[in-house]
1. If the stretch 3-78 were replaced by its equivalent ellipsoid, with semi-axes equal to the square roots of 5 times the Cα gyration tensor eigenvalues, what would those be, largest first, whole Å?
2. If each of Q39 and W5 carries a label point 7 Å out from its Cα toward its Cβ, how far apart are those two points in nm?
3. Would you calculate the separation in nanometres between label points at K48 and L26, each defined as 7 Å from the Cα along the Cα-to-beta-carbon direction?
4. Using DSSP to call loops (not H, G, I, E or B), can you name the chymotrypsin sites (Phe, Trp or Tyr not before Pro) in the stretch 11-81 whose Cβ has at most 10 other Cβ atoms within 10 angstrom?
5. The chain: longest stretch without exposed trypsin sites (Lys or Arg not before Pro) (DSSP loop, at most 10 other Cβ within 10 Å), sites themselves excluded?
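Derivation of every value follows stated rules applied to the coordinates shown; laboratory data play no part. Quantities reported herein were computed from a predicted structural model and do not represent experimental measurements. Cβ sites come from the backbone with ideal geometry, for glycine too, and all protein chains shown count toward neighbours.
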Amino acid sequence: MKRVWLNYAIDVLLFFTGAILAASSLLVWVVIPKGYNPQWLLWIAIHKWSGFALVVESLLHVALHFRWLIRMTSRLFTRSE
């Protein structure tokens, strides 16, 4: 797989995982009543696992762009004006 397509796939995964995380947050904190409710427990599990997935995907994203981040940070601090 070409690097461009890998970056695109990671970005799409980040977007959809973030959307799932946001939707589960809204459902757990606003819509579904708290307590021992099977629906609430399911959405808590979805929220936790999507949060974990988002962290893993974010670390992978940073790892794939690490050289770029180093170069840009270097340019930021070595700029002479």
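1. Over the Cα atoms of the stretch 3-78, the semi-axes work out to 35, 13, 9 Å.
2. 4.2
3. 2.4
4. Y36
5. That gives 35-78 as the longest site-free run.
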